[in-house]
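Have a look at the structure below before the remarks.
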Amino acid sequence: SEQELRIQNIIMDRLSKIDPLTDLYNHKTFHEYLGWLIEHQQSNPFSMQLAVMDIDNFKKVNDCYGHSVGDVVLQKVAAILLEYIGPDDFAARYGGEEFIVILTTKTFEQSYEIMQQILAKVADTPFAEMEGKSITVSIGMHDYTGADSKNSTFQQADDALYEAKNTGKNKIVIS
């Protein structure tokens, strides 16, 4: 029937935008949304920060405890992101153990504080599946200035992430 077809279309649309493990948006949806936000900036400027976050030493989690525990870790990190971001913000699983957060309508300082809270909460969360051990994350942040392209915005946050990982992990580096 027509109603069943509409429901199927809604389900298919959701499946094409959402990462099934974490229930966050997926890589493709992130790129579409970031492009839309940057286009929207031209006529209606607003503050926006991009954070790229990676779970530190995630391969060790999978190697020591198995992929099912790795999945639990990914799900918990996703839940922490959703706990701290607001309704105007956006979170996605970029791939593997990497996540993206777009923070809008906040000052850079407010967005940085949110990411600091996420960093601390992740580090303070014990995993029963890992004998009570916790994990850490590294974060690269970029404050969108209005002159950046979609690619340069992402690249600057990603470069800051790699600096965080290469200089000790479990911290935030600002581009």
_Let me make sure I get this right: for segment 73-175, a, b and c are the square roots of the gyration tensor eigenvalues over alpha carbons, sorted descending. Under 1.5 in a/c it's rounded, otherwise prolate if a/b > b/c, else oblate. Which is it?_
prolate
_Solvent-accessible area per residue, Å², over the chain with all protein chains present [probe radius 1.4 Å]_ = 52
*What are the residues whose amide H is under 5 Å from the amide H of Tyr94, where those residues sit 5 or more places off or on another chain and H is modelled from the backbone?*
Phe99, Ile100
*Mean Cα-pair separation over length for the chain, i.e. relative contact order, pairs under 8 Å, 6 or more apart, %*: 26
*Share of alpha-carbon pairs per 5 Å distance bin for segment 87-134, given as whole %*: 5, 17, 18, 24, 19, 10, 6, 2
*Could you give the nm distance between label points at His31 and Thr104, where each point is 7 Å from its Cα heading toward the beta carbon?*
2.0
*How much FRET efficiency would the formula 1/(1 + (r/R0)^6) give for Asn62 and Asp159, where r is the Cβ-Cβ distance and R0 is 22 Å, rounded to 0.05?*
0.30
*Dividing the alpha-carbon Rg of segment 134-175 by 2.2 N^0.38 Å yields what?*
1.21
*So what is log10(I(q)/I(0)) for segment 1-130 at q = 0.13, 0.17 1/Å, when the Debye sum runs over its Cα atoms only?*
-0.63, -0.95
*Tell me, what % of the accessible area of the chain is carbon and sulfur with a 1.4 angstrom probe?*
52
*Run down the lysines and flag those whose C-alpha is under 16 Å from the C-alpha of Lys169, throwing out any fewer than 8 positions away in its chain.*
Lys59, Lys60, Lys121
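The values are calculated or read from the model by the stated rules, or taken from the named source; none is laboratory data. Just so it is clear, the structure is predicted and the values come from calculations on it, not from any experiment. All Cβ positions, even for glycine, are placed from backbone atoms using ideal geometry, and neighbour counts span all protein chains on display. Surface areas here come from the heavy atoms of the whole protein model, side chains and all, with no ligands, DNA or RNA. Shrake-Rupley method; radii C 1.70, N 1.55, O 1.52, S 1.80 Å.
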